[in-house]
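A.B. asks: My questions will all concern the structure given below.
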């Protein structure tokens, strides 16, 4: 039965689910630690540092900070004295204006405190990408295009490749006589502006070099039309690189993911399209899968999530670091704090909008994750 099969799958993978939750919780803790560290650097009090929600499983008072860990590590905050923010603990010292409060510090210190979490998430992402480049990339699409080969591994139905009679195992050597030297990123770049145009592919098949004309399809990528073959490429594990080369590759990989998430966010706001966005359930599911595929895959996935967390917090929404920074920038310009009541109303309205988006993305995640199981269940009961 599909239901029993699904339950058995969850039970067998409980370890990887836990590893995934711990991984995501660690990224959140790292983000909050960035805020915390800059607070300590500038002698700003932090009454509480909390990770997770639900029942508390650990609390400890260290100095003027109460550290707490809750059962579900999918959230967190650092309560900062003199920085009122809706949803940040009990806010015991939110309106303090003494020497140890955030409110009395100069703007540049406020800026660094707010950017601390984003900075730490980015540092982790770059570190993780450099580390996996040193030990070797896994055979996973998460490391695309650095570990992709121009050898075709799959061909979509009714695609340009199928119509041109390309075959699985063909290796693309050149496009319109331009060699790609095994560089899949260059191959995709050359195809991008040629939608609905005929190109001449030089391929290797069974140790023979042949040329095949292909009329390209059109594919939409975040609202941009690109030329497409309709194929999947083979991924291979790559050996580790020397230190300097690993740094260069790791930075390139992290930069590419950072650019991609900004493109996704831009597309979401301009086109009101969330199909390219993953909600919390999908993130947990992907992290669980990454944990089951080995430490290098998990590291790459956590780096990508960390980059997403950093990029998300740059948005000028009041409940995010970028929104808080916007408030403090406005206050620095006008020379006085914004009324607390107005800030609270803006926070509450933003929380409601974010909760609605959270629920919508979660429903979208459920359809993505359990859709195939639901289809099997409908077939089983005869619907």
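A.B. asks: What's the total number of residues in the range 50-87 that are assigned to a strand (DSSP E or B) and in contact with a helix residue (DSSP H, G or I) (Cβ under 6 Å, 6 or more places away or on another chain)?
C.D. replies: Here the count works out to 4.
A.B. asks: Next up: What tally of residues in the range 310-319 results from selecting those that are surrounded by fewer than 23 Cβ atoms within 10 Å (Cβ to Cβ) and either in a helix (DSSP H, G or I) or in contact with a strand residue (DSSP E or B) (Cβ under 7 Å, 6 or more places away or on another chain) (or both)?
C.D. replies: 3
A.B. asks: Residue 203 versus (1) part of a strand (DSSP E or B); (2) surrounded by fewer than 16 Cβ atoms within 10 Å (Cβ to Cβ); (3) touching a residue at least 12 places away in the same chain (Cβ under 8 Å): which is the lone unmet condition?
C.D. replies: In the conditions (1) part of a strand (DSSP E or B); (2) surrounded by fewer than 16 Cβ atoms within 10 Å (Cβ to Cβ); (3) touching a residue at least 12 places away in the same chain (Cβ under 8 Å), residue 203 misses (2) alone.
A.B. asks: Do we have any residue at all in the range 244-256 that's under 30 Å from residue 200 (Cα atoms), modelled with pLDDT of 85 or more and in contact with a strand residue (DSSP E or B) (Cβ under 7 Å, 6 or more places away or on another chain)?
C.D. replies: Scanning the range 244-256 turns up no residue that is under 30 Å from residue 200 (Cα atoms), modelled with pLDDT of 85 or more and in contact with a strand residue (DSSP E or B) (Cβ under 7 Å, 6 or more places away or on another chain).
A.B. asks: May I ask you to verify whether residue 131 is in contact with a strand residue (DSSP E or B) (Cβ under 8 Å, 6 or more places away or on another chain) and modelled with pLDDT of 90 or more?
C.D. replies: No: the conditions fail for residue 131.
A.B. asks: Look at residue 307 and say whether it is over 21 Å from residue 103 (Cβ atoms) and either part of a helix (DSSP H, G or I) or in contact with a strand residue (DSSP E or B) (Cβ under 7 Å, 6 or more places away or on another chain) (or both).
C.D. replies: Yes, satisfied.
A.B. asks: If only one of 211, 157, 189 is out of contact with any helix residue (DSSP H, G or I) (no Cβ under 8 Å at 6 or more places or on another chain) and either within 30 Å of residue 28 (Cα to Cα) or assigned to a strand (DSSP E or B) (or both), which one is it?
C.D. replies: 211
A.B. asks: Do the conditions hold for residue 150, that is, is it touching a residue at least 40 places away in the same chain (Cβ under 8 Å), in contact with a helix residue (DSSP H, G or I) (Cβ under 9 Å, 6 or more places away or on another chain) and part of a loop (DSSP other than H, G, I, E, B)?
C.D. replies: Spelling it out, it is not the case that residue 150 is touching a residue at least 40 places away in the same chain (Cβ under 8 Å), in contact with a helix residue (DSSP H, G or I) (Cβ under 9 Å, 6 or more places away or on another chain) and part of a loop (DSSP other than H, G, I, E, B).
A.B. asks: I've got another one for you. Can you name the residue in the range 266-306 that is modelled with pLDDT of 75 or more and within 11 Å of the chain's Cα centre (by Cα) and is also farthest from residue 144 (Cα to Cα) among such residues?
C.D. replies: Top of the filtered list is 306.
A.B. asks: Which of the residues spanning the range 160-186 are in a loop (DSSP other than H, G, I, E, B) and touching a residue at least 60 places away in the same chain (Cβ under 8 Å)?
C.D. replies: 166
The values are calculated or read from the model by the stated rules, or taken from the named source; none is laboratory data. This one's a predicted model, so the numbers in the text were calculated from it and none came from an experiment. Reconstructed Cβ throughout: ideal geometry from the backbone, glycine too, with neighbour counts over all protein chains shown.
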